[in-house]
1. Could you pull out the residue among GLU133, GLU148, GLU160, GLU166 that is of a type in the set (Asp, Glu), closer than 19 Å to ILE97 by Cα and in a strand (DSSP E or B)?
2. For segment 100-108, indicate whether the set of residues that are touching a Phe, Trp or Tyr at 6+ places or on another chain (Cβ under 7 Å), open to solvent by less than 80 Å² (accessible area, probe 1.4 Å), assigned to a strand (DSSP E or B) and within 20 Å of ARG163 (Cβ to Cβ) is non-empty.
3. For LEU125, work out the one condition from (1) within 13 Å of the chain's Cα centre (by Cα); (2) in contact (Cβ under 8 Å) with a residue 60 or more places away in the chain; (3) part of a strand (DSSP E or B) it doesn't fulfil.
4. Farther than 17 Å from ARG78 by Cβ, hydroxyl-bearing (Ser, Thr, Tyr) and crowded, with 18+ Cβ neighbours inside 10 Å: does that describe SER182?
5. Filtering segment 118-166 down to residues that are among the aromatic types (Phe, Trp, Tyr) and open to solvent by 30 Å² or more (accessible area, probe 1.4 Å), which residue is modelled with the lowest pLDDT?
6. Kindly evaluate VAL198 against the criterion of being surrounded by fewer than 18 Cβ atoms within 10 Å (Cβ to Cβ), part of a loop (DSSP other than H, G, I, E, B) and in contact (Cβ under 8 Å) with a residue 12 or more places away in the chain.
Amino acid sequence: MGPPRLLRGLIPPQLVSMDAAAWLPCSTHLQLQLSHCHFRLTLRWPDAFKLLFALLLVSAALAEVRYIASSSMAPTLRPADRAVSERVTYLFRRPSIGDIVFFKAPTALQNYGVNKDVVFIKRILATPGDFIEVRQGQLIVNGVAQKENYTANHVSYTMEAMRLPEGHVFVMGDNRNNSCDSRAWGPLPIRNIIGRYVMSFTRSSIQQPR
């Protein structure tokens, strides 16, 4: 099954013919190939610290590691990166602008055949009660133009102003040219959020002998 017609404008043409698993932004599968005990783990010190911290969180069932399957969050996260999602923060506060969150497919996507358990990752850009719009590529929240130094270069586009309803946030991928997000299917129910992004490991952080 390819992407629904409503979403194809935000998905590269080369992916339209693929099945759903190929174009959805985030996969829960993380595979590590180990051949008995004959493998080498090479980490820089910052990555070693991140890995230790991530393992502590995961072992305490407070976090999980997810595989990034697409470029929808580039340049912040790239395909094949491993991202750590923690589950504690939102027990104490509500999701905030700037948070990068993992969430299950909202009803609007389920209505187009996306499985309810498929996980996406996007950045929150507006919270309940906020007004959000885009003018010639410039994001404006509550009348204030936002500085987005984390986005990939993208084409200029316009989005009509809307006010976020209670219990919802507006999310987009950092790679606006290749992201299926709230622009296509509307505000995200906060109840669908399952974790907050805290750190990632690049593809080169873990190396195995050939």
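1. GLU133
2. No, segment 100-108 contains no residue that is touching a Phe, Trp or Tyr at 6+ places or on another chain (Cβ under 7 Å), open to solvent by less than 80 Å² (accessible area, probe 1.4 Å), assigned to a strand (DSSP E or B) and within 20 Å of ARG163 (Cβ to Cβ).
3. Checking LEU125 against (1) within 13 Å of the chain's Cα centre (by Cα); (2) in contact (Cβ under 8 Å) with a residue 60 or more places away in the chain; (3) part of a strand (DSSP E or B), the one that fails is (2).
4. Judged against the criteria, SER182 is a match.
5. Restricting to residues being among the aromatic types (Phe, Trp, Tyr) and open to solvent by 30 Å² or more (accessible area, probe 1.4 Å), the top hit is TYR157.
6. It is false that VAL198 is surrounded by fewer than 18 Cβ atoms within 10 Å (Cβ to Cβ), part of a loop (DSSP other than H, G, I, E, B) and in contact (Cβ under 8 Å) with a residue 12 or more places away in the chain.
The values are calculated or read from the model by the stated rules, or taken from the named source; none is laboratory data. Everything numeric here is computed off the predicted structure, so don't read it as measured data. When we count neighbours, we look across all protein chains shown, and the Cβ atoms used for this are built from the backbone with ideal geometry, even at glycine. Note: areas computed on protein heavy atoms with side chains; ligands, DNA, RNA excluded. Shrake-Rupley method; radii C 1.70, N 1.55, O 1.52, S 1.80 Å.
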